[in-house]
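Visitor: Please read through the structure below; I'll follow up with questions.
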Amino acid sequence: RHLEYASWLTKLFAFVAGIFAVPASSSSSSGLTALPTKLQKELGMALEALRESKLPEARKHLDVVYRVASSDAETNFLLGIYSTQTNDWAAAKTFFGKTLAASPNHLGALLFFGNALLREQKPAEAARYFSRAVELEPTSWRAHAALADACIRQGLLDDSIREAERA
């Protein structure tokens, strides 16, 4: 039975890796409302450019906002997303860390920061972030799937199966 689940989990985790793309909407406690309307529009244009993989355009909009609001959670989160799309995982980790410093309950940043740790082969550290994401949003299938991935990488098959089933 464990081998059957392990095979199923491997397929699930390959799928999960593909879903760590720009989310349709990210959740944070700060939201976009703290920024002036002009900067909110810039962030919106940056998000749209990221979704369309127009990276130079996205960076232009993000830079406008970052010059004024370098500690804003959403700005740092989108810069982290930009960095993942340019495969600059060190910068991504930095930006997601800044997002979490400004907004500790930012679900997207918890998931992406954990994913960056998985890329560094640090599943135990990643599991802590994924566990926080599960606590924050118990109905998030992504959080459960990511935690299952971190568990299986640590050899915690039963925990991985439980989280995969919840996902």
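The values are calculated or read from the model by the stated rules, or taken from the named source; none is laboratory data. In this text, all values refer to a predicted model and were calculated from it rather than measured experimentally. Virtual Cβ from ideal backbone geometry, glycine too; neighbours counted across all protein chains shown. Just so you know, the surface numbers come from the protein's heavy atoms only, side chains and all, with ligands and any DNA or RNA stripped out. Shrake-Rupley method; radii C 1.70, N 1.55, O 1.52, S 1.80 Å.
Visitor: Of the numbered conditions (1) under 23 Å from S53 (Cα atoms); (2) part of a loop (DSSP other than H, G, I, E, B); (3) not polar (S, T, N, Q), L111 fails exactly one; give the number of that condition.
Guide: For L111, the failing item is (2).
Visitor: Residues in region 98-110: is at least one more than 24 Å from L78 (Cα to Cα), open to solvent by 40 Å² or more (accessible area, probe 1.4 Å) and modelled with pLDDT of 95 or more?
Guide: No, there is no match, as no residue in region 98-110 is more than 24 Å from L78 (Cα to Cα), open to solvent by 40 Å² or more (accessible area, probe 1.4 Å) and modelled with pLDDT of 95 or more.
Visitor: Another question about this same structure. Report, by residue number, each residue of region 49-65 that is farther than 13 Å from T86 by Cα and small (G, A, S).
Guide: Correct list: A49 only.
Visitor: So, one more: Which of (1) touching a residue at least 12 places away in the same chain (Cβ under 8 Å); (2) assigned to a helix (DSSP H, G or I); (3) open to solvent by 70 Å² or more (accessible area, probe 1.4 Å) does D158 not meet, given it meets every other one?
Guide: (1)
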